[in-house]
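Bear in mind these aren't lab numbers, they're just calculated from the coordinates by the rules spelled out. These numbers were taken from a predicted model, which means no experiment stands behind them. When we count neighbours, we look across all protein chains shown, and the Cβ atoms used for this are built from the backbone with ideal geometry, even at glycine.
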């Protein structure tokens, strides 16, 4: 197992290096001059001598490969430069936004699991009955609605009409997270309910289920101890993808609710063309998806004996 994790980890290193190189080249190959952007964003008027000195200080007068090596060395030590807009260190700014995104991710995933798994199981067990048709209809509607429309509906009913929850911001404690959590969980739960239903139906039609029924094993025991365990691979994959996406920041939802997280930070940085912040966001997204994939592979190794035995045989 240790050798498997070590091999997977070593394979991820060139992927991360490739992503950092690509992001650095793309952000530094734009038509806009970095110094001109800094001048426009800060509102300062610089002389040509000052611009030349600043280019030399930032290393912009060196070859692009040398700039990348210097930049990567600083990134590995936690120095991601300073924001073109605020002038603050990018790394500390990023860390200040991260807790809000992690908080929203946890609440959204928990609500999604609580909704989707029971409804998916119920829909599969009650196949082609009223409960199944109702759940499938509601999941189809929920999956069709875009997040920005759902967020506006929730704001209209729960904030403007009923005056129960704050409209935006994250300064009202636990009440602030309810609307963005509901917005994200509604879409994910609608999609995952259908996935859970499909996986459970597939497992219920397999020979081991029929054999257990022939031996007199109770339906609940078959469902919870055999079918669900076999369905965990699909559920783990879905949750891993969602966690990676949510930790990267849901830009639309965070912007609508003014949730001060990583996604909103990225949108603001793209609008202002704040390249150091954009590069930090790209690196964060790469690290998140790489780590999530690594954890998912390890969970596969534990959950599916076929994968474990196949690797041991190889």
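Taking 0.36 nm per residue of sequence separation and removing the Cα-Cα distance, the residue 294/residue 74 pair yields an extension gain of 76.7 nm. Estimated at 0.36 nm per residue, the fully extended path between residue 11 and residue 25 surpasses their Cα-Cα distance by 2.8 nm. Computed from label points 7 Å out along Cα-Cβ, the spacing between residue 215 and residue 156 is 5.5 nm. Look at the Cα gyration tensor of segment 98-313: its axes a ≥ b ≥ c give a/c of at least 1.5 with a/b at or below b/c, and that counts as oblate. Separation of segment 196-212 and segment 79-123, taken as the distance between their Cα centroids, equals 35 angstrom.
Look at 107, 77, 183 and count the other Cβ atoms within 10 Å of each Cβ; fewest to most, that gives 77, 107, 183. In terms of other Cβ atoms within 10 Å, 139, 226 run from fewest to most in the order 226, 139.
Fewest-first ordering of 79, 207, 260 by other beta carbons within 10 Å of each residue's beta carbon gives 207, 79, 260.
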